[in-house]
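The values are calculated or read from the model by the stated rules, or taken from the named source; none is laboratory data. Just so we're clear, the structure is a prediction, and the values are computed from it rather than from any experiment. Cβ placement follows ideal geometry from the backbone for every residue including glycine, while neighbour counts extend to all protein chains displayed. Accessible surface areas use protein heavy atoms only, side chains included; no ligands, DNA or RNA. Shrake-Rupley method; radii C 1.70, N 1.55, O 1.52, S 1.80 Å.
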Amino acid sequence: MGLEQFLVLAMFASFMSLLLLGFPVAWSLAGVGFAFAVVGHVLVEYMAADLWFSWGGTIGVLDRRIYGIVANELMVALPLFIFMGIMLDRSGIAERLMNSLVRVLGGLRGGYAVTVVIVGVLLAASTGIVGASVVLLGMLSLGPMMRAQYNKSLAVGTACSVGTLGILVPPSIMLVLMADRMGTSDASVGRLFMAALVPGVMLGVMYIAFILIAAYLKKDLAPAPKDREPLNARAFMQVFIAVLPPLGLILAVLGSIFTGFATTTEASAVGALGAMLLALLNRRLNLATLRHALYQTSRTTAFIFAIFIGATVFAAVLRGLGGDDVVRMALTGLPFSETGIVLTILLVVFLLGFFLDWVEITLIILPLVAPVVFSLGVDPLWFAMLFAICLQTSFLTPPVGFALFYIKGVCPPGITTRDIYLGVAPFVAIQLTGLLLVFFFAPLATWLPSEIYGGR
C-alpha cells in the first residue's frame, strides 16, 4: 500500500471513529481535514515525501471555496424549500386531507393504510424532509389505526416507510444538493426532479398494492370498520377540496421549473409563499407558527451548511492527498464491468446509510464516485436515481435506519421495537424491488426528462 492510499484510508477511518465517539459531523469533517492537511504539509516540507500535496492549494483556497458555496444561487433554494415544508407541516393540511380520505377509503380492508400512503406521497412532494414526514404521519395515523384494530406492525411500517418518500419525491432538498455535487448539466435540478417523479410514484403504488393484497389475504391484518358512515357526494367533494391546495402548490413549484418559467431558486420562493398562504387560508398562520417555522428553517439550514463547509475542508484535503486518484483506481481496478462497479457503489452507499445521514453521503461520497461513474459512460440521471433510492432504502433498514428512530419517538404505548422492525421488513423488500426495476429498466428514470427537456 502506497502512502497516498494509506493517508486516504486513514482519513476515512479517523472520520468514522470520531462519529462513533459522538462528535458532531461538521466538526469531525473539518477537524479531520485540517489535521491531515498538517500531516501532509509536514510530510512534504520536512520529510520530502513523494506527495503532490500543497498547503496553498488546499487550505489556502478554502476561503474562496466556502464563499463559492454561500454565493451559489442554487443553495438559496434550500432554506426556502425547508421553510415550505415546515410551514405546510404546521398548516393542518395533512390532517384535513387524512380525515377526508378516510371517509372515502376507510370502508376498504386496509383503507386507512392506503390513505396514509396517499397523504404521505402528497406530503413528500410538498415538504421533501424525511424526519418531518415520518413524525407527522406517525402522529396522525398510528392512534386511529390502533383503534381500528389494525395489525401493529402494518400500521407502524406503513407510516414509517411512506415518510421516507420525502427524500425522493420532488421537490426533494436532497435532489437539489445532488444536482450541485454531481457537477454536470445532464443532472440539473429540473432533470433530477423529473427523473424522480416516476420512481417516487411507482413506489407509492407498490406500497398500496402490497397493503390491499395483504389485507385481502389476511382478514385480521387491516379489518374494515363496522360503523362506516355512508358515502355521499359531499364526502367526495371534501376530498377534492382537501387535495386541491397541496396539489396546486406542487404543480406551481414543479410546473414553473419544468416549463422554464422560473429557476429552481425562484420556484422555491413560490413554494414558500404558497405554503404561507395555505396556512393563512386554514387559519393556522400566526406569530407563533411563523416564529417556529423560521427557527426550524434557520436551524436546519445551519446544520446543512455547517456540514457543507466541513465537507469542503475534508474534500479539499482528500483531493490534495490524491484521494480522487485513489478512489478512481479502486473502482476501475475492480474485476467487474460498469454494472458491477455501479452495484459496488450502491452497496457501499446502502451500508453507509446506516451510520451517516443523507447530507454527509451526498456531500462526501457522491462527488468522489460520480466522475468515475460518468467516465465509464453511465447515464447521470439513472445513476442519481439509483443512488437516491438506495439511500432511501437504507434509512428504513433495521437495526439503525434513521426513519426507525423518528417513528419510535411518536409510537403510542404498546408498539415495540420488534413491531417496527417487522413492519418495515416488507417495505424494505418493496424498496429493493423498486431499485431493481430502475436498475434493469433505466427509462423509468430517464424517459420523462428526455421527453420534457429533449436534447437541451
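What the table shows:
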quantity	calculated
Residue list for the stretch 399-411, filter: modelled with pLDDT of 80 or more and either of a type in the set (V, I, T) or over 21 Å from M174 (Cβ atoms) (or both)	I407, K408, C411
The stretch 206-220, residues that are within 14 Å of L105 (Cβ to Cβ) and of a type in the set (V, I, T)	I208, I211
One residue from V438, V410, V428, V424 being closer than 17 Å to V201 by Cα, out of contact with any Pro (no Cβ under 6 Å at 6 or more places or on another chain) and either in a helix (DSSP H, G or I) or among the hydrophobic types (A, V, I, L, M, F, W, C) (or both)	V428
Criterion violated by A293 - all others in (1) under 25 Å from P199 (Cβ atoms); (2) crowded, with 21+ Cβ neighbours inside 10 Å satisfied	(1)
Subset of the stretch 412-425 that is in contact with a helix residue (DSSP H, G or I) (Cβ under 6 Å, 6 or more places away or on another chain) and surrounded by 17 or more Cβ atoms within 10 Å (Cβ to Cβ) - its residue that is nearest to M139 (Cα to Cα)	I415
Elements of type helices (runs of 4 or more DSSP H) in the stretch 51-105, at least 3 residues being under 30 Å from I241 (Cα atoms), open to solvent by 50 Å² or more (accessible area, probe 1.4 Å) and not acidic (D, E)	93-105
Qualifying residue in the stretch 362-377 (condition: touching a residue at least 24 places away in the same chain (Cβ under 8 Å), on the phi > 0 side of the Ramachandran plot, surrounded by fewer than 21 Cβ atoms within 10 Å (Cβ to Cβ) and in contact with a helix residue (DSSP H, G or I) (Cβ under 8 Å, 6 or more places away or on another chain))	yes
Filter result for A288 (more than 22 Å from the chain's Cα centre (by Cα), open to solvent by less than 20 Å² (accessible area, probe 1.4 Å) and at pLDDT 85 or above)	no
Inter-residue pairs, beta-carbon under 9 Å, first within 30 Å of F261 (Cβ to Cβ) and of a type in the set (F, W, Y) and in the stretch 431-452, second at pLDDT 90 or above and open to solvent by 30 Å² or more (accessible area, probe 1.4 Å), 6+ apart	W447/V198
Hey, P144 assigned to a loop (DSSP other than H, G, I, E, B) and modelled with pLDDT under 80 or not	no
Qualifying residue in the stretch 233-242 (condition: crowded, with 24+ Cβ neighbours inside 10 Å, among the aliphatic types (A, V, I, L, M) and in contact with a helix residue (DSSP H, G or I) (Cβ under 9 Å, 6 or more places away or on another chain))	no
Hits in the stretch 402-411 - residues which are of a type in the set (G, A, S) and surrounded by fewer than 23 Cβ atoms within 10 Å (Cβ to Cβ)	G409
Residue list for the stretch 32-57, restricted to those being closer than 30 Å to F303 by Cβ and in contact (Cβ under 8 Å) with a residue 40 or more places away in the chain	V32, G33, F34, F36, A37, G40, G57
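Residues are listed down the side, and each one gets a yes or a no for (1) at pLDDT 85 or above; (2) of a type in the set (D, E, K, R); (3) surrounded by fewer than 17 Cβ atoms within 10 Å (Cβ to Cβ):
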residue	(1), (2), (3)
P335	no, no, yes
G340	yes, no, yes
L343	yes, no, yes
L351	no, no, yes
W358	no, no, no
F383	yes, no, no
S394	no, no, no
T397	no, no, no
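Residues are listed down the side, and each one gets a yes or a no for (1) in contact with a helix residue (DSSP H, G or I) (Cβ under 7 Å, 6 or more places away or on another chain); (2) surrounded by 14 or more Cβ atoms within 10 Å (Cβ to Cβ); (3) at pLDDT 85 or above:
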residue	(1), (2), (3)
V205	no, no, yes
P223	no, yes, no
P246	yes, yes, no
V253	yes, yes, no
S256	yes, yes, no
